[in-house]
Amino acid sequence: MEMSTELAAAFNKQITMELASSTAYMQMAAYFDAANLTGMSAWMRHQSDEEREHAERFLEYVLDRGNQVVIGAQEAPPAEFSGAAEVFAKALEQEEAVTASIHDLYRLATEAGDLACIPFLQEFIEEQLEEESSVGTILDRVRLAQDQPAALLLIDSQLGERDTTE
Ligand SMILES: [Fe+2]
Ligand SMILES: [Fe+2]
């Protein structure tokens with residue numbers, strides 16, 4: 001069953017947002033690469049891949065429902081950062097914006113009585129809880145390490161060990 005025009009537009013907006021998020025993480029990966037923080041760069045690349053997968057899942061969902069996929073324009077992501085703490089602070093802001101957007105989608109689907117959307121969106125609501133928590137933890141640790149290169153390098157190597165099968 002097709003979604004309402006309004007709901008389909010909101011799903012399309014979400015596809016664009018996940019792609020923008022993927023691009024922003026790629027930019028952050030490049031920043032860390034240039035700073036030789038290779039673990040943080042690898043973590044960001046992995047994050048970027050995950051956001052692209054989210055975009056694809058939303059895209060497939062729109063198609064499954066019989067609606068048209070229309071990807072919108074993206075704004076250029078931030079490219080200048082004062083250091084690792086600012087990068088992760090921006091990443092957290094981004095995740096919070098995505099969470100708010102998915103919550104809006106859920107409310108819209110509920111108000112429209114479109115119950116078929118609920119299980120799909122529920123998964124992403126849970127995913128966002130994890131995303132905010134993991135980025136928030138890294139941000140706190142990077143802030144603790146500030147001005148101590150040895151501590152920052154330790155976090156960097158830990159992030160480089162992120163399990164890419166998750
Ligand atoms: Fe996402
Ligand atoms: Fe995310």
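The values are calculated or read from the model by the stated rules, or taken from the named source; none is laboratory data. None of these values were measured; they are calculated from a predicted model. We place every Cβ from the backbone using ideal geometry, glycine too, and count neighbours over all the protein chains shown.
Quick notes on this one:
- Pairs, first surrounded by 17 or more Cβ atoms within 10 Å (Cβ to Cβ) in the stretch 13-42, second assigned to a helix (DSSP H, G or I) and aromatic (Phe, Trp, Tyr), C-beta under 6 Å, six or more apart: GLN14/PHE58; ILE15/PHE58; MET40/PHE32; SER41/PHE32
- Some residue of the stretch 73-84 being farther than 22 Å from ALA8 by Cα, at pLDDT 95 or above and either aromatic (Phe, Trp, Tyr) or within 16 Å of ligand 1 (Cβ to nearest atom) (or both): yes
- Criterion: under 13 Å from the mean Cα position of the chain (by Cα), of a type outside the set (A, V, I, L, M) and more than 30 Å from ASP147 (Cα to Cα) - qualifying residue of THR110, THR99: THR99
- Test for GLU130: is it surrounded by fewer than 18 Cβ atoms within 10 Å (Cβ to Cβ), free of Cβ contacts under 8 Å to residues at least 60 places away in the same chain and away from ligand 2 (no atom under 12 Å from the Cβ): no
- Scope the stretch 82-109; condition without any contact (Cβ under 8 Å) to a residue 12 or more places away in the chain, over 17 Å from GLN128 (Cβ atoms) and not charged (D, E, K, R); matching residues: SER82
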